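Take a look at the structure below.
The values are calculated or read from the model by the stated rules, or taken from the named source; none is laboratory data. This is a predicted model, so every value here is computed, not measured. Cβ placement follows ideal geometry from the backbone for every residue including glycine, while neighbour counts extend to all protein chains displayed.
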Amino acid sequence: MPPMPAPRCWAKAGWNSASSDPPVDHPWQPPAWPAVLFSGHPAFAALGPWLDRLGGFPDLTDWQRLAPVFTRSGHALTCVDPASLTRYYEAEIHELGRIATRPLNWHDCFNALVWHAYPRTKAALNVLHHRLLPMTGNGQRGPVRDAATLFDECGLILPYCDEALAGALRDHDWRTLFVTRRAAWGTQIEAQVFGHATFENLLAPFVGLTGKCWPIAVAPAYFDWPLPQRMAWLDACLAAAIDADMLQSPRQLPPLPYLGIPGWWPTQDDAFYADAGYFRPRRKHRTPSPP
């Protein structure tokens, strides 16, 4: 597949604004805050409490109005200008609690928001990177850090209580996953966005967007819990798995063409799901077990 265009983060908020020309970039104005998209698209529900509290594009001081989150080393996380960093990005977070946050930048904005939504998992990923830094010099991350970076950037958490749905994911049986078993979404399977690049892409989505997902088997009662309880449980589960070195390779994270999730794209008709360029069949090689 040819490389997809970068997300157009200045595009007007909506289900699909990729065809609209972005407005003129006025550097003294913050990006428009797409409140309608944030409240209407199910992918952003997990960030809702913090999006509501911010109410507009934050500057560095606005982040301090939110409840603090902490690194595993005990530092309260502080958003800072990247020019002020004195260490490598992950080391600055672990050793000083300072996270580089570019002004008026959606990518960094969503990164900070995910720290609030899933603090244990973000802290565990930071520990993993910091621990492996001395072993992966010369710009080479290695497979473990590659997997961690992929999940951090474009990851989705996929809790499920029916093994047949996990099998459809592994087999790239997209018609079963998204059409035949459509009613299972929200009651037997769901997707929670973790990757901050995925949140950014959903500002101006286009057919072709694919994430790397972490499937997690759950009890059926999980789907009766309120969203904050589900998120807290997933956060603890993921952090424990990362601490146990269960994430070893990018190939453990199966792809998910997430615009196929019910309600995540405005036109989900037969022609949409028949697009084999987006809903691709599985390649003929062994798929590693998920983390």
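Below, the figures for the structure above:
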{"read-out": "Residues of region 75-94 satisfying the condition of being of a type in the set (Ser, Thr, Tyr) and assigned to a helix (DSSP H, G or I)", "value": "84, 89"}
{"read-out": "Residue in region 216-236 that is touching a residue at least 60 places away in the same chain (Cβ under 8 Å), small (Gly, Ala, Ser) and surrounded by fewer than 19 Cβ atoms within 10 Å (Cβ to Cβ) present", "value": "yes"}
{"read-out": "Residues (farther than 25 Å from residue 232 by Cα, part of a helix (DSSP H, G or I) and over 20 Å from the mean Cα position of the chain (by Cα)) located in region 142-176", "value": "142, 164, 167, 168, 174, 175, 176"}
{"read-out": "All positions within region 41-74 that are among the aromatic types (Phe, Trp, Tyr), surrounded by fewer than 17 Cβ atoms within 10 Å (Cβ to Cβ) and outside any loop (DSSP other than H, G, I, E, B)", "value": "70"}
{"read-out": "Failed item, numbered, when residue 271 is tested on (1) out of contact with any Leu (no Cβ under 9 Å at 6 or more places or on another chain); (2) at pLDDT below 95", "value": "(2)"}
{"read-out": "Among residues of region 101-127, those that are farther than 23 Å from residue 229 by Cβ, in contact with an Asp or Glu (Cβ under 7 Å, 6 or more places away or on another chain) and not in a loop (DSSP other than H, G, I, E, B), counted", "value": "3"}
{"read-out": "Filter result for residue 183 (more than 30 Å from residue 33 (Cβ to Cβ), touching a helix residue (DSSP H, G or I) at 6+ places or on another chain (Cβ under 6 Å), at pLDDT 95 or above and not in a loop (DSSP other than H, G, I, E, B))", "value": "no"}
{"read-out": "Count - residues of region 75-88 that are exposed (fewer than 15 other Cβ atoms within 10 Å of the Cβ) and within 18 Å of residue 114 (Cα to Cα)", "value": "1"}
{"read-out": "Residue in region 264-276 that is under 16 Å from the mean Cα position of the chain (by Cα) and either touching a residue at least 40 places away in the same chain (Cβ under 8 Å) or surrounded by fewer than 21 Cβ atoms within 10 Å (Cβ to Cβ) (or both) present", "value": "yes"}
{"read-out": "Residue within region 196-213 that is surrounded by fewer than 22 Cβ atoms within 10 Å (Cβ to Cβ), out of contact with any helix residue (DSSP H, G or I) (no Cβ under 8 Å at 6 or more places or on another chain), outside any strand (DSSP E or B) and of a type in the set (A, V, I, L, M) present", "value": "no"}
{"read-out": "Scope region 154-181; condition closer than 18 Å to residue 278 by Cα, out of contact with any Gly (no Cβ under 9 Å at 6 or more places or on another chain) and charged (D, E, K, R); matching residues", "value": "170, 171, 175"}
{"read-out": "Long-range neighbours under 9 Å by Cβ, at least six apart or interchain, first residue touching a residue at least 12 places away in the same chain (Cβ under 8 Å) and more than 12 Å from residue 60 (Cβ to Cβ) within region 76-87, second among the small types (Gly, Ala, Ser) and in a strand (DSSP E or B)", "value": "85/100"}
